[in-house]
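Only one structure is covered here, and it is reproduced in the block below.
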Amino acid sequence: MVFTRNLIEKYNVDVFVAGGGPSGMAAAISAARLGCSVFIAEKNGCFGGSGTTGLVPCFATFTDRVNFLAGGFGREIHDAIFRSDEALGNGFYAYPVEKLKKVYDDMAISAGVKFSFFTSLVDVEARDGRVENVILAAKSGLFAVKAKIYIDCTGDGDLATWSGAIAEHGDESGTAMPSTLCSLWANMDFSQPDSGPQNRKIEEAYNDGVFTNFDLHLPGIATTSKECGIGGGNVGHCFEVDARDEASLTEGMLHGRRTIREYEKYYKEYLGARYSNMFLCYTADMLGIRESRRIIGDYVLNMGDFEKRAVFEDEIGRYSYPVDIHIMKPDKDAYNNFMNEYSRTYYGVGESYGIPYRTLTPKGLSNVLVAGRCISTDRSMQASIRVMPGCFITGQAAGVAASLAVAKEDTREIKISELQEKIVSLGGYIPNRA
């Protein structure tokens, strides 16, 4: 079948950003603040991606417990959401989803970013390593957007891959780590103690027939409002979901909605008075995808870099989250292996690894950048940098780089020293500047 259509070019801008998740927002707002005209296409009805539509209940660490690694854009988000310095340790920090949505809205509007919700990237026209325009689908139909620089913040590397970039996916067999359908719960009594890890009675409940899978890996329910008894759930795994395939995503959503009822029974009947009267308010409108494509760039950040706390001349930031590859199958050995790996890669105070600019530049493409979980890494490093503060760092750097690359429409025709200087001027943390 051949499908042809004459399309209007609805926007012609300096920078196009695909996806309004944490990396996309950091990229779009950073570029706009530096004087670029920017259009961002977001497929959902709000910005934030997994952090809002996906109901992921917690931010991972912003710091190395000494330095604010996600400085600049990430610091703005932190300060808008949290009171004082309450989230500056090295743990997980629950936040109110609706507040985060409003913060993103206000930032985009004040920066002068052009955007539309319910707008999906569906195709790319590329020739000789350059993207000429992108094709978007929305309620008004198909339309084109032309830009000088394109930034892929889809999480799945769609724009870069459809433009001709090479990508890897998952483990040696191509299987990605499991996803989770996150959830919102109410009527919990947080005055009652939480007597130990929330997975402490999984085995008992499994033996009683509560659970279909024996899955000891339970991130849990995080408190988002003590006064109202509200918590955000990161519970359960949907195994072997392929984020590149809508049929697989559909089955993952159905599996998530089925198994959430198993966790409801578990929390109510096995974990004490804190949870005995809880009820499920809502499950997310999208799966929390932990792993998808990794675009191959000019440098592949790797586990060796993590282990040696690497420093690079072209650093655009540093980060410190452990290697967080969730269990690939529901059994005790897989869980023990996960815990050993996670504990082994937990950095000490003040430790971090560098992120080179070359991880944002896909091989073979001259006017495309990537940011977020699809940047150029091996699997272990992707499992560290994929969390929201890591996405703030790479998204901010991509937006700044795009603003510098607009003049020559080439992401490699910029001065690294100028890129680093501008990131630092926005509040970014780059102690090892060239």
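The values are calculated or read from the model by the stated rules, or taken from the named source; none is laboratory data. Quantities reported herein were computed from a predicted structural model and do not represent experimental measurements. So basically every Cβ, Gly included, is an ideal-geometry build from the backbone, and we count neighbours across all protein chains shown.
Mind checking which residues of segment 93-114 are of a type outside the set (Val, Ile, Thr), surrounded by 14 or more Cβ atoms within 10 Å (Cβ to Cβ) and closer than 30 Å to residue 146 by Cβ?
Listed by number, the residues that qualify are 101, 104, 105, 107, 108, 111, 114.
May I ask you to verify whether residue 394 is in contact with a strand residue (DSSP E or B) (Cβ under 8 Å, 6 or more places away or on another chain), assigned by TED's automatic domain parsing to the domain that holds residue 21 and not in a loop (DSSP other than H, G, I, E, B)?
Against the criterion (in contact with a strand residue (DSSP E or B) (Cβ under 8 Å, 6 or more places away or on another chain), assigned by TED's automatic domain parsing to the domain that holds residue 21 and not in a loop (DSSP other than H, G, I, E, B)), residue 394 qualifies.
Does residue 375 qualify as being under 18 Å from residue 307 (Cα atoms), in contact (Cβ under 8 Å) with a residue 12 or more places away in the chain and buried (at least 19 other Cβ atoms within 10 Å of the Cβ)?
No: the conditions fail for residue 375.
Out of 370, 424, which single residue is more than 21 Å from the chain's Cα centre (by Cα), modelled with pLDDT of 95 or more and under 27 Å from residue 58 (Cα atoms)?
424
Of all residues in segment 215-273, which are touching a Phe, Trp or Tyr at 6+ places or on another chain (Cβ under 8 Å) and part of a strand (DSSP E or B)?
Within segment 215-273, 221, 222, 223, 224, 230, 231, 232, 233 meet the criteria.
What tally of residues in segment 38-68 results from selecting those that are in a strand (DSSP E or B) and aliphatic (A, V, I, L, M)?
Of the residues in segment 38-68, 3 are in a strand (DSSP E or B) and aliphatic (A, V, I, L, M).
Sort through 274, 309 and tell me the only one that's of a type in the set (Lys, Arg), outside the structural domain of residue 196 (by TED's automatic domain parsing) and at pLDDT 95 or above.
309
Counting just the residues of segment 74-125 that are part of a loop (DSSP other than H, G, I, E, B) and of a type in the set (Ser, Thr, Tyr), which one comes out modelled with the lowest pLDDT?
Top of the filtered list is 84.
For residues that are out of contact with any strand residue (DSSP E or B) (no Cβ under 9 Å at 6 or more places or on another chain) and closer than 20 Å to residue 157 by Cα, scanning just segment 1-31, find the one that is surrounded by the fewest Cβ atoms within 10 Å (Cβ to Cβ).
The residue in question is 21.
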